[in-house]
Every structure is written in C-alpha cells, then in structure tokens.
Amino acid sequence: MSTNGGPPGPTRPARALPLSDARLPEPRRILSWLYVGRLCLAAAIFLAVLLAWRDAPPGTTLAATLILVLSGVFTTGSFWWSHLARHPLGKNFLYGQVVFDVVLVTWVVHLTGGTQSAFAPLYILVICAAAVLLPILGGILIGLFASLLYFADMALGPPGSMDVGALLQIGLFTTVALVTGYLGDRLRQTGAVLGELETELRLLRLDTDDILGSIHTAILTVDGRGRLLYLNPAASEILELAPHQWLGKPVLEKLDGVAEGLGEVIRRSAQERIAIRRYETTEDGDGGTILGVSTTLMERGTPEGPTVTAIFQDITERKRMEALRRRAERLEAVAELSASLAHEIKNPLASIRSAVEQLAGGGIDQEDKDVLEGLVIRESDRLSRLLAEFIDFARVRVRDTAPVRLREVVRHVVDLVRAHPESAGVAVRIEVADGVAPVVQGDEDLLHRAVLNLVLNGAQWAGPGGEVAVALDLVQSDILAPELGISQLARLRVSDTGPGVPPEDVDHVFDPFFTARPGGTGLGLAMVQRAVDAHGGAVFVDAARAHGDHGATFVMYLPVLVPEAEATTPNDTGVPPQ
C-alpha cells in the first residue's frame, strides 16, 4: 500500500500557552519600550514648552531643547548598538540606559515643578525597568540613586519643597526598588528554569515525532468526538489515509470502511472508558486487511470524553498463515486420533481373536474355556465402552442453548460424585461464596457432563482417604474476550490430593486418548476441553497445588450471562453430608 500524503503530524484543537509567555520579555524588547517612552517624554516636554514659550521661565526652552536632542542622540546610538548591530547587551550598557533615564526624569521633574511635578511617578517606571534589566542589587541601587536625585532636587529647590509628602515619595521609590528588584530576580530565575524546560520539551517533542514516525507500528489518536488528532506514517500507509485531509475531521466511519471494526472498537473504548488490550478487525469478503488493535485512554476532563489512541499492526498475512497452520494441525490431529483409536481397538480385538481361535480349535479343558470366554466378554465390554465414549467425544457440540444456573449444576454433580462407586472413601467438598449464583448461556446437559468428568477425574486420582475441593466464584478478567476488556466470568476450581500432573504431561492432559490412569480411556478430559470451548470458555490445569507437593487443580472459566444474587443454602458451606 502507498500513502496519499506527506508525513503526518499532530494537530491541536486549541493553542496551549507557550512557556515563553510565562517568562519576562526579552531584554531587547524591554529596551525598545524604553526607547519609545524616552523619546515620547522628551518630545512632549519640548512641545509643551514651545506652546507656552512666551510664558516659560528663562532658560526653560533651552533645557527642553537639550532634553530632546540628548535623548534623540543617546537613543539613536543605543538602538544601533542593541538592535541594528546586535551587540551583546552587557551590564555597562544596561546600567547606562537606566541611569540616563533616571537623570532624564529628574531633569523633567525639576523643569515641571519639582515636588509638585506630575511627572514624579515616572521614577517608578524607571525603577521597574531597572529591576527587570539588572540583577537584584543593580535594581536596588538604581532605586536608591533615583531617590537621592529626587531628594537633592528638593534640597536645592525653593524653601518648603521638602515636605512630608515629598519624603513619603522618596520612601515609596525606595520600597518599589526593593520589591521590584526582588520580584525581577525571582522572575529571571523562573524564566531560566522555564527556558530549560522549554528546550527539553522541544527536544522531547522532536525525539517523539522521530520515534513515532520511524516505527512500523501504526498509531492514531482521536478525540472524544471521533476527530483525528494524530496519524503516524505507518498508520497512514496501512489505512491509506492522507493526514492533511483528515486531521481535525470525524474519521471513525472511514476507519470502519478501511478495516471493519477499527472505528467501532475505538468508539466503544471511548464510550465505555475501557482500554482494549487485544482486538482483531474482521476480514471482509474481498480479502481486506486484518488489524491487531489495542487502545489506550487519556482523560481530558472535558464533556467531549477521553481521547483514544489506537495502536495496531497489519496481521493479515500472519492470520492467513495461522489458518494454514491450523488446517494442517487439524489434519494431523485427525491422523493422530485415528491412529490412537486404531491402537486402542487393536489390542482388545487381538485378545478377542486369540481367545476365539483357541475356543474354536477345541482341546481345552473347561477351566481354560471359562477364562477365555470371560476374556472375550471383558474385552468386548471394554471395546464397547471405548467406542461409546469416542462417539460421545465426537458428538460434543452445543445443541440447545438456554440460561443455565451453574451453581445448581455443580451441586448436582457433587452429589453424584459422592455416590459414585469410583469415589468411595473420597471426601468431596463444595465451596460457593455468598451471593454467587452465576448464569451462563449454554447446553445444560453438555455442561453437566463436562463438570462431572472434571470432578470425577479428581475423585479417581485422589483415591480412598483423599479429598476433592470444588469451588465456584466470580472473577473479573479479560482472559476469554480481550477485545471486550475486563468482563465477569464464572470460575470453577477442582483440586484433588492425588499425585498431581507431571510437568511434562501438563500440555497433553486434554489430548484424546492421553491417560496415565490404569483403565482410563483418555477421553474424559478431552471431552471437558471440547465442551468448554463450545461454550466460549477455557480450562487449565496446574501441575501441583500452591499449598502442597501433591495434587492437581483444574480451573474452568465460563462467560457469565446474568450474575444473580441468591442466598446460599446450608449445603454450600463445604461440609459434606454425614
């Protein structure tokens, strides 16, 4: 498959606040503001003097002109140094800027009335600029310098200039210098940390994009409304989707059209807020793509719901190879089953034929004749039992399904096993937790046979004086249907105190005709396996119990249809009848 677009990238419905917006502005930008403010102040003073030059005191026009000229020359040189030539902004340059502004404001305040000037608050702006541009000590020194010049202007002014209000202003300037110096230093430190974080995040984003773009596993992310947020190149190639055409648009229906079930599993994962661990899409009749999918959720705390990330791979060829392998395994299993059945039939037939030949030949006494006739009868019964069990095994299938109360089936089986001749002397205990009454959908007769074979097998291996513990409970697991997430299952455990299953036999105990018990046909557990599979369940065996060196534990899982809560009866306590 080929992609229809360029490399995809993430899209974001809303712009996040950059880390740089949380830091102090860049020094050159602050200097730009200072330049503009300085020129505006000088020009305003010059224009004000021109408009009132006839009423202005002698020398005022000259002072205003000097302020405008000096401010223009100094600002032009500073602008060339900082913005045109882009020289480094050293401490001396920054100190020179704020010192010039302090002298300029003092000059303006002196010309406009001294302590009565409306321009005195400009000291606070200069002190704040110094706190931002200079280290904490520099900002404080500039604040003290401004206070000193303002005090000197009051001292050299007309009598009565140094009043309580003027002294309060000096105290205010000093306080502002201390506070803004401290805050400016803290903001610079925070800005440095944020700058490092921003750099690391930028590198991390680049690394993440490189990784997601180079891996062969397909990844896509949709928001709570099913709109595509991210699509890596592998996903774009598999799904044949052009990222620039679909980013920010609803895409679930399109995904179902490309790989049936992909959009649905993403939608269900978002609606039910469950992470799907393993899911396989459906192959359509035209031999479409089969995908192995898993999903993850990320809660955003928005009404739209969580975003869902689907991670998937094209497993079409693997599934086809698995189908071929299963076909070969089925043929091999049929061959092995036929060979095993022929072997099991061959031995009784050989014994029967030998006995019949001896009986037909005559010349044997009555005692030997009785022995041979008994042998023929026993081997015939054995052959008949073997064929009957094989027919039962071959016919294992779910015929009529209905809700089945599994607890009642288990209790009835336990009662039967307790009365069975082969379990004489065996203590069979049943344990059902309070309120556990699972209902499963299936064939009650078939389930009854499967549970009976499982419990009777434990009793046969436990032997006289042994014990069999049967426990029924409910568990939460995805062992049967990973694509549905965690679901409720009925779990039946049958533990015995017999010799256990050797580790090398664990993988074969459910094979037809495999048996280690004298007189066994090897079809009982095989029938259990087929019956449980037919009901969508699973059965396993542990070689030895966790609390001892002997015994085996068989565990059966079945999907629950309706978990009913019923009161348990006294017989569920685990104490066998006396």
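The values are calculated or read from the model by the stated rules, or taken from the named source; none is laboratory data. In this text, all values refer to a predicted model and were calculated from it rather than measured experimentally. Note that each Cβ is placed from the backbone with ideal geometry, even for glycine, and that neighbours are counted across all protein chains shown.
For the reader, a short list of remarks on this structure follows.
- Single residue of VAL102, VAL69, VAL73 found to be in a helix (DSSP H, G or I), buried (at least 20 other Cβ atoms within 10 Å of the Cβ) and not small (Gly, Ala, Ser): VAL102
- In region 265-285, the residues that are farther than 18 Å from ASP314 by Cβ and of a type outside the set (Lys, Arg): SER269, ALA270, GLN271, GLU272, ILE274, ALA275, GLY285
- Answer residue from region 502-521, given it is loosely packed, with under 14 Cβ neighbours inside 10 Å and in a loop (DSSP other than H, G, I, E, B) and is modelled with the lowest pLDDT among those: GLY519
- Residues of region 248-260 that turn out to be crowded, with 19+ Cβ neighbours inside 10 Å and modelled with pLDDT under 85, as a count: 1
Results for (1) more than 30 Å from GLY143 (Cα to Cα); (2) charged (D, E, K, R); (3) modelled with pLDDT of 75 or more; (4) assigned to a helix (DSSP H, G or I), shown as yes or no for each residue.
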site	(1), (2), (3), (4)
LEU212	yes, no, no, yes
LEU220	yes, no, yes, no
ALA234	yes, no, yes, yes
ILE238	yes, no, yes, yes
GLY263	yes, no, yes, yes
ARG268	yes, yes, yes, yes
GLY285	yes, no, no, no
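- If the condition is being among the small types (Gly, Ala, Ser) and outside any helix (DSSP H, G or I), then region 105-130 contributes GLY113, SER117, ALA118, ALA120.
- Some residue of region 457-475 being within 19 Å of ALA534 (Cα to Cα) and either touching a residue at least 40 places away in the same chain (Cβ under 8 Å) or hydroxyl-bearing (Ser, Thr, Tyr) (or both): no
- Residue pairs whose Cβ atoms lie under 9 Å apart, sitting 6 or more positions apart in sequence or on different chains, and linking a residue in region 295-309 that is surrounded by fewer than 14 Cβ atoms within 10 Å (Cβ to Cβ) to a partner that is hydrophobic (A, V, I, L, M, F, W, C), are MET298/VAL308.
- Only a single criterion out of (1) under 16 Å from the mean Cα position of the chain (by Cα); (2) under 16 Å from THR221 (Cβ atoms); (3) free of Cβ contacts under 8 Å to residues at least 40 places away in the same chain is not satisfied by ILE276, namely (3).
- Of all residues in region 142-169 being outside any helix (DSSP H, G or I) and more than 17 Å from TRP107 (Cα to Cα), the one that is modelled with the highest pLDDT: ASP163
- Some residue of region 426-434 being over 15 Å from VAL494 (Cβ atoms) and either part of a helix (DSSP H, G or I) or assigned by TED's automatic domain parsing to the domain that holds ARG493 (or both): yes
- In region 440-473, the residues that are crowded, with 16+ Cβ neighbours inside 10 Å and closer than 25 Å to ILE274 by Cβ: VAL440, GLN441
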